[in-house]
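For reference, the structure is listed below as structure tokens.
The values are calculated or read from the model by the stated rules, or taken from the named source; none is laboratory data. On a predicted model such as this, the values are computed, not experimentally measured, just so you know. Positions of Cβ are generated from backbone atoms using ideal geometry, with glycine treated the same way; all protein chains shown enter the neighbour counts.
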There are 2 protein chains.
Amino acid sequence: MKKEKGLLLVLSGPAGVGKGTVCGALRQEETSVQYSVSATTRAPRAGETDGVNYFFKTREQFEKMIEQNELLEWAEYVGNYYGTPIDYVKETINQGNDIILEIEVQGALKVRERFPEGVFIFLMPPSLAELRNRIVGRGTETEDIINKRMTVAREEIDMMKKYDYVVENDQVELAVERIKSIVTAEHCKRERLIDKYKELVEVN
Amino acid sequence: MKKEKGLLLVLSGPAGVGKGTVCGALRQEETSVQYSVSATTRAPRAGETDGVNYFFKTREQFEKMIEQNELLEWAEYVGNYYGTPIDYVKETINQGNDIILEIEVQGALKVRERFPEGVFIFLMPPSLAELRNRIVGRGTETEDIINKRMTVAREEIDMMKKYDYVVENDQVELAVERIKSIVTAEHCKRERLIDKYKELVEVN
């Protein structure tokens, strides 16, 4: 039978919703999902390996990647570039393996333009009050900054309409179970399987 | 928040693939999925209760249901009518509960016409050789009858293209897990949740 392609999964959601925590918990699980390795211009920290934690690049190399359209998405944070190399993603799914990107909302929408067949999952806070609690709980932000972040969060939640799935992050374990179910269900989608089974009907 | 509607799940597949076994195993699991109750003109057997095992009807009553378009699908087997009352299905999903129908391929396609928003799952044998084994294993059919059944099975497998999902029945427990994942994933679909979350963004 024809080998089925892997899935590109994109996990996104408003800042503070817990994307990193959920993705970290998913990594602990026994799944075959692989994790995308980002390219960055920031210096490697102790213990970080090139090609495992990040692909470490000079600014010049990174800018060349941008120019040559080799990044699914990229952004600049605190003077350093971060981005997702398209080749790594393509190789993984062509080998039949699933790969997940954990990414902020704007980046995810850029990935959708290049990879409309990806599976886009929006991680959702149980309520805006709870999201506010999580943002407040992070540190010592002023009321003004918190309000600005909530305005951004509301705009980001509005982006939900561009996603395939919405997963509520009420409890990390439940969110992880939902994501695992989405992966299983996507592999059962008829349009992904029809070529595989066409052979079954025609050859026999 | 607005209450989400339940799902209509339709489990179908070629004769001999094991629909009954898989549906029976799913019933043993702790899920909130309810099972559709069919209407029939056959006489109740000992221990069968009206409204639980079947809705028992006279031929006259059943034919009136057909006329008044009250059945999602119906068929006649060995002189008795069997069908799925549409009201029971609608009431269940309007209450926010999921309901599953286990049904042969032709019936499932009729349900799709009336209920395009249903979730249609095609149960698939691991191979045609294995399906043949299962048909042969059933009893003492002649080679000729077995070949006829295999021709029908191949035509039915071709109907797979009208379904949303394809679940391989390699092992009953695995097939049940896949169906449960499909139910979870369908509840996470953005288009089912958008109304619920719209309120969250607008009200807060």
Which condition from (1) touching an Asp or Glu at 6+ places or on another chain (Cβ under 9 Å); (2) not assigned by TED's automatic domain parsing to the domain that holds residue A:8 is the one that residue A:80 breaks? (1)
Lone unmet requirement of (1) buried (at least 19 other Cβ atoms within 10 Å of the Cβ); (2) touching a Leu at 6+ places or on another chain (Cβ under 9 Å) for residue B:74: (2)
Out of all the residues in the range A:115-132, which are surrounded by 12 or more Cβ atoms within 10 Å (Cβ to Cβ) and either under 17 Å from the mean Cα position of the chain (by Cα) or more than 30 Å from residue B:186 (Cβ to Cβ) (or both)? A:115, A:118, A:119, A:120, A:121, A:122, A:123, A:124, A:125, A:132
Selection status of residue B:192, without any contact (Cβ under 8 Å) to a residue 24 or more places away in the chain and within 12 Å of another protein chain (Cβ to nearest Cβ): no
Return the residue satisfying two criteria in turn: it lies in the range A:26-81 and is closer than 30 Å to residue A:181 by Cα and either part of a helix (DSSP H, G or I) or of a type in the set (Val, Ile, Thr) (or both), and of such residues it is modelled with the lowest pLDDT. A:31
If residue B:137 satisfies every condition in (1) in contact with a helix residue (DSSP H, G or I) (Cβ under 9 Å, 6 or more places away or on another chain); (2) free of Cβ contacts under 8 Å to residues at least 40 places away in the same chain; (3) exposed (fewer than 13 other Cβ atoms within 10 Å of the Cβ) but one, which is the exception? (1)
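Table: residues versus (1) in contact (Cβ under 8 Å) with a residue 40 or more places away in the chain; (2) β-branched (Val, Ile, Thr).
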| position | (1), (2) |
| --- | --- |
| B:6 | yes, no |
| B:29 | yes, no |
| B:34 | yes, no |
| B:37 | yes, yes |
| B:40 | yes, yes |
| B:54 | no, no |
| B:82 | yes, no |
Could you check residue A:184 against (1) free of Cβ contacts under 8 Å to residues at least 12 places away in the same chain; (2) more than 8 Å from every other protein chain (Cβ to nearest Cβ); (3) not charged (D, E, K, R) and say which number it fails? (2)
Being over 23 Å from residue A:26 (Cβ atoms) and more than 17 Å from the chain's Cα centre (by Cα) narrows A:68, A:95 down to just A:68
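Quick grid of which residues meet (1) assigned to a helix (DSSP H, G or I); (2) more than 12 Å from every other protein chain (Cβ to nearest Cβ); (3) out of contact with any strand residue (DSSP E or B) (no Cβ under 9 Å at 6 or more places or on another chain):
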| position | (1), (2), (3) |
| --- | --- |
| A:126 | no, no, no |
| A:134 | yes, yes, yes |
| A:137 | yes, yes, yes |
| A:155 | yes, no, yes |
| A:158 | yes, no, yes |
| A:175 | yes, no, no |
